[in-house]
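J.: Structure below; questions to follow.
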Amino acid sequence: MELSPFYQELISSLNRGLLVSIALIVPSVLGGIVIGILAGSVRVFGVPWLRKAADGYAAIFRGTPLVVQLFILYFGLPNLGIYFTPYWAAVVGFMLCSGAYQSEYVRGALLSIKRGQYFGALSLGFSGVQTIVWIIIPQAVRRALHGCGNEIIYLIKYSSLAYIVTCIELTGEGKTIATEYFRFTEVFLVIGVYYLVLVSIASMILKKIETKWHIPGFGLH
Amino acid sequence: MLESLSVIKASLPYLLQGSLLTVGIVIGAMLFGLLLGLAGAVGLVYGNRLVQVVLDFYVWFFRGVPILVLLFLFYFGLFNYLGLNFTAFVSVIIILGMVTGAYQANIFRGAILSLPRGQFKAASALGMSDIQAIVTIILPQVLRISIPAWTNEFSIVLKDSALAFVIGAPEIMGRAQFIASRTYQHLAIYMTAGILYFFLTWIGVSALARLEKKIRIPGYSC
Amino acid sequence: MPQDVPVLSVKNITKSFSGVPILKGVSLELREGEIKILIGPSGGGKSTLLQCMNYLVAPDQGQIWLDGEEICITKKRDVYAYRRRVGMIFQDFNLFDHLTAIDNVAIALRKIKKISKKEALIRALKELEMVGLADKGHLYPAELSGGQKQRVAIARALAMDPEVLLLDEPTSALDPELIGEVIAVIRALANKGMTMILATHQIGLIRNLAHEILFMEQGLIVERGTPGELLSRGNPSRTQGFCDRLNELYDEN
C-alpha cells in the first residue's frame, strides 16, 4: 500500500521534527535531573541562605507557566542584550522548569528518610559522606524515582512548547503542514500518536527501572 | 527602566481583565474535569469491562498527548469537522477540562481504592443501592482525601491555561503577547504576566488549603 | 572475671538540650566481660547517656576512656574511629531499609573496614548464624519481624568486633512474643563474655544478667549495686520498688 503524497510529506516532516524533539528532550531531562538533585539537596541540607535561595527558585519556576518562562528567555532577555537561539532558549527553559519540579521530589525523598537511618550508619562508624553515599542516596533514589519519572513524562509533552519560541520540532513541523493543507484533524491526530508512542516508551522504561530497583518496604507501585 | 514601568502601569488594567478570563477558564475546566473525573473514576472502579476499556483509553490518550497538540486538534480540527462553532474561550475550557478530567479520574480512582472495603459493604448492609452507596458514602470520602491532589491539579491547569492564547483566547498570556509585540517591552510585560500567574496560583492554593482545613474530619490525615 | 583496667569508662558526663539538663554528671566503668544494666523511669537520661557513650550525641562535658586511653575528639575522624570500636543497638533497630539482612551486616565491613565483598559476606553470614538467622540473609528489613530485625542489628554491630556493646532498650519496640528470641541472643553474648551496658525494663535480664544495676533518674545515677544487694526481699531501695512495679505489669500481661 502506497501512502498518498500528503501523508508521505507529513510523515517525513514529522520524522524530521521528531529528531528535533528528541534533541530537545534528552538534554532537558538530564539537565533537569541534575538541577533537581542539586537544588533538592540544598533545600534539605543547605545552610539557611542557600536553602532560601533554592526554595525561592523552586517556588518561582513551579508557580509560573512554562510558556511565560520561555517567553522571558527568548523574547524578554534580548531587552537586556542577552540572546538565545530558539533551541537553547527551549532547552534552558525546560531544564530550569523541570529542575524545579524534580527538586520537589528529591526534597520529599530526602525528608522521608528516617533519622534512625543516619543513627544506624553513624553508630557503626560511617562518616557523614559515607552515610550519604551508601545509605541515604540509595534510599532517596528509590523514593524519588516515581515522581521524577512522572516529571520526565510531563517534560516530553511540554517539549511541544519549543515551537512557540520558533524551535521547529514535532508540533511545529505538523503545524506548518496542517496550515498549508488545512488538514488539522489528520495532522494533529498523527502528531498525537507520535507523542503517545514517545510517552509510552518512556513510561515502559521507567516502569522497568522501578521494578528492577524495587525493594520491599519502599512503597513503589 | 522608566519606560518599562510606564508600560506596565498602562497595561496592567488590560492584563488584569485578561486574568478574569484566565480565572474563568480555570474554574470552568476544573469543574468540568471534576465531573469527568468522578464519573471516570466510578466507571474505572465499578464499571464493566467495556466501560473500563473505554475509560482507560480516554485517560491514556489525554494524559499522553501534549495540551498544545490537543488545542490544535480540537479547535482547528475536530470541532470544525463536527460543525461545532465554539469560541476559543469555550474550547479551551472543554479541552483543558478533558485533560484534567483524565488526571482527576486517576486521582479519584486511587482514592476510591484506598478506602477500606468495609465502607461499601456497610452501606449495602443498610439497604442502600450501589448508586446510593457510591454517592452518599464513597464519593464524599473520596473528595475529602483527594483535596491535596486536586489542589496540585488546579495549579497545573492554571499554568496550562496560559497556552490558550495559541488559539486566540484573550487571557493573560494572549494580552501580554499583544502588548509586548507593540511596545517591545517583552521582558517587563512577561515578568508582569508571570507575577500575575504566581499570585493566582497562590490565591487558589491558599483557598483550597482553607477548604481542606474547614472540612477536615478526624481520621483523614491525607 | 572483671579485670583492673576498665574497657570503657566515662566520668562526669553532662549534656543539655536547649538549656534543659538531661545528664548532670554521670560516671561509670565497664570492666571486661562486665554487664551493667541501666534502669529507671523514662526521661531519666538513660538513652542520652548511651548515645553520649557512642558519641552519637557529643557530651557537653566529661571524659571517656576506652582501653585505658582517653578519647580526645579533635577531628571528625576521631569520632568515626571511636564509634567503630563501640557497638550500638537501638530500640527501633535502625536497619538500613534498602539492604538485605546480610548486606546490612556486610556493608560496614566493606565500606569502612574495606574488606573484600566475598570475605565480608562470609563474615556476615557467620554473624547471622550466631543470631540464628542464617537462612534469612536474603530478606529485606520490611520482610522481617521485629525480633528478627533486632537480631540482624545485633549481628551488624558484632561484625565490627566492638569492644563494648551499648544496648538502648533493645526489646521495647517488640511484641511480647518476639522478646524472647532477642533476649536469648543477649544471653548468649553474655555467656561469651561480651562487655555490655544495657538500658532495659526486662525484669529477667535485670535479675539474672546484671553484674551491676544502675538506677538513673533526672540525669543522675541515684542508686547502684548488684542485683543481690538491690533486689533482696524487703529492701527499701528505689530499684526494688521500680522492679516491683515492672513485675506487676508483667504479671498483668
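The values are calculated or read from the model by the stated rules, or taken from the named source; none is laboratory data. Fair warning: this is a prediction, and the values are worked out from it, not measured in the lab. So basically every Cβ, Gly included, is an ideal-geometry build from the backbone, and we count neighbours across all protein chains shown. In case anyone asks, the SASA skips ligands and DNA or RNA and just uses the protein heavy atoms, side chains included. Shrake-Rupley method; radii C 1.70, N 1.55, O 1.52, S 1.80 Å.
J.: Out of C:Ile186, C:Ile213, I need the residue that is assigned to a helix (DSSP H, G or I), in contact with a Pro (Cβ under 8 Å, 6 or more places away or on another chain), at pLDDT 85 or above and crowded, with 20+ Cβ neighbours inside 10 Å. Which one?
T.: Selected residue: C:Ile186, the only one of C:Ile186, C:Ile213 that is assigned to a helix (DSSP H, G or I), in contact with a Pro (Cβ under 8 Å, 6 or more places away or on another chain), at pLDDT 85 or above and crowded, with 20+ Cβ neighbours inside 10 Å.
J.: Related question: Restrict the check to region B:156-171 and report whether at least one residue is away from chain A (no Cβ under 11 Å) and in contact with a Cys (Cβ under 6 Å, 6 or more places away or on another chain).
T.: No: zero hits.
J.: Out of A:Ser41, A:Ser103, which single residue is closer than 24 Å to A:Arg142 by Cα, among the polar types (S, T, N, Q) and open to solvent by 30 Å² or more (accessible area, probe 1.4 Å)?
T.: A:Ser41
J.: If A:Val91 meets every condition in (1) modelled with pLDDT of 95 or more; (2) within 14 Å of chain C (Cβ to nearest Cβ) apart from one, which number is that one?
T.: Just one mismatch for A:Val91, condition (2).
J.: Here is a follow-up. Read through the list (1) away from chain A (no Cβ under 12 Å); (2) open to solvent by less than 40 Å² (accessible area, probe 1.4 Å); (3) over 23 Å from C:Arg85 (Cβ atoms); (4) part of a loop (DSSP other than H, G, I, E, B), then give the number of the only condition that C:Pro170 fails.
T.: (3)
J.: Hey, another quick one. Identify all residues within region A:106-123 that are surrounded by 22 or more Cβ atoms within 10 Å (Cβ to Cβ) and not charged (D, E, K, R); write none if there are none.
T.: Across region A:106-123, the qualifying residues are A:Val106, A:Ala109, A:Gly120, A:Ala121, A:Leu122, A:Ser123.
J.: Looking at region C:58-84, which of the residues that are closer than 23 Å to C:Leu23 by Cα, touching a residue at least 12 places away in the same chain (Cβ under 8 Å) and of a type in the set (D, E, K, R) is farthest from the other protein chains (Cβ to nearest Cβ)?
T.: Step by step, filter region C:58-84, then rank; the result is C:Asp60.
J.: Could you go through region C:144-165 and let me know if any residue there is farther than 28 Å from C:Glu29 by Cα, hydroxyl-bearing (Ser, Thr, Tyr) and within 14 Å of chain A (Cβ to nearest Cβ).
T.: Checked region C:144-165: at least one residue is farther than 28 Å from C:Glu29 by Cα, hydroxyl-bearing (Ser, Thr, Tyr) and within 14 Å of chain A (Cβ to nearest Cβ).
J.: Residues to consider are A:Ala58, A:Ala90; find the one that is part of a helix (DSSP H, G or I), under 19 Å from the mean Cα position of the chain (by Cα) and over 21 Å from B:Ile67 (Cα atoms).
T.: A:Ala58
J.: OK, next. Against the definition (open to solvent by less than 40 Å² (accessible area, probe 1.4 Å), part of a helix (DSSP H, G or I) and within 13 Å of another protein chain (Cβ to nearest Cβ)), how does B:Phe178 come out, yes or no?
T.: Here the answer is no, as B:Phe178 does not meet what is asked.
J.: Next up: Considering only residues that are away from chain B (no Cβ under 12 Å) and open to solvent by less than 10 Å² (accessible area, probe 1.4 Å), which ones fall in region A:145-166?
T.: Matches in region A:145-166: A:Gly149 only.
J.: Counting just the residues of region C:69-85 that are open to solvent by 90 Å² or more (accessible area, probe 1.4 Å) and among the basic types (Lys, Arg), which one comes out farthest from C:Leu109 (Cα to Cα)?
T.: Selected residue: C:Lys75.
J.: Would you check which residues across region B:190-207 are buried (at least 17 other Cβ atoms within 10 Å of the Cβ) and more than 8 Å from chain A (Cβ to nearest Cβ) and list them?
T.: The answer is B:Thr192, B:Leu196, B:Leu200, B:Gly204.
J.: Looking only at region C:124-139, which residues are surrounded by 20 or more Cβ atoms within 10 Å (Cβ to Cβ) and either basic (Lys, Arg) or within 17 Å of A:Ile215 (Cα to Cα) (or both)?
T.: Result: C:Gly137, single match.
J.: Working carefully through the options B:Phe57, B:Phe89, B:Phe76, B:Phe62, find the one that is part of a helix (DSSP H, G or I) and surrounded by fewer than 16 Cβ atoms within 10 Å (Cβ to Cβ).
T.: B:Phe57
J.: State which residue is most open to solvent (accessible area, probe 1.4 Å) when the search covers only region A:45-84 and only residues that are free of Cβ contacts under 8 Å to residues at least 60 places away in the same chain and among the β-branched types (Val, Ile, Thr).
T.: Checking each candidate, the answer is A:Ile60.
J.: Scanning for something among the charged types (D, E, K, R), under 27 Å from A:Ile177 (Cβ atoms) and either part of a loop (DSSP other than H, G, I, E, B) or within 19 Å of the chain's Cα centre (by Cα) (or both), does region B:96-119 turn up at least one residue?
T.: No, that holds for no residue.
J.: Could you count how many residues in region A:167-184 are open to solvent by 20 Å² or more (accessible area, probe 1.4 Å) and either under 16 Å from B:Ile167 (Cα atoms) or more than 20 Å from the chain's Cα centre (by Cα) (or both)?
T.: So the count comes out to 8.
J.: Under 9 Å between Cβ atoms, which residue pairs at least 6 apart in sequence (or on different chains) link something in region A:198-212 that is on the phi > 0 side of the Ramachandran plot and more than 14 Å from chain B (Cβ to nearest Cβ) with a partner that is at pLDDT 95 or above and part of a helix (DSSP H, G or I)?
T.: none
J.: Another one. Out of B:Asn106, B:Asn152, B:Asn80, I need the residue that is closer than 16 Å to A:Pro65 by Cα and within 13 Å of chain A (Cβ to nearest Cβ). Which one?
T.: B:Asn152
J.: Related question: Which of (1) buried (at least 17 other Cβ atoms within 10 Å of the Cβ); (2) in a helix (DSSP H, G or I) is the odd one out, the single condition A:Phe126 does not satisfy?
T.: For A:Phe126, the failing item is (2).
J.: List pairs: first residue in region B:60-87 and under 16 Å from B:Thr100 (Cβ atoms), second residue among the basic types (Lys, Arg) and open to solvent by 10 Å² or more (accessible area, probe 1.4 Å) anywhere in the structure, Cβ distance under 8 angstrom, at least six positions apart or on different chains.
T.: As it stands, the answer is B:Gly64/A:Lys157; B:Val65/A:Lys157; B:Pro66/A:Lys157; B:Ile67/A:Lys157, since those pairs meet every condition given.
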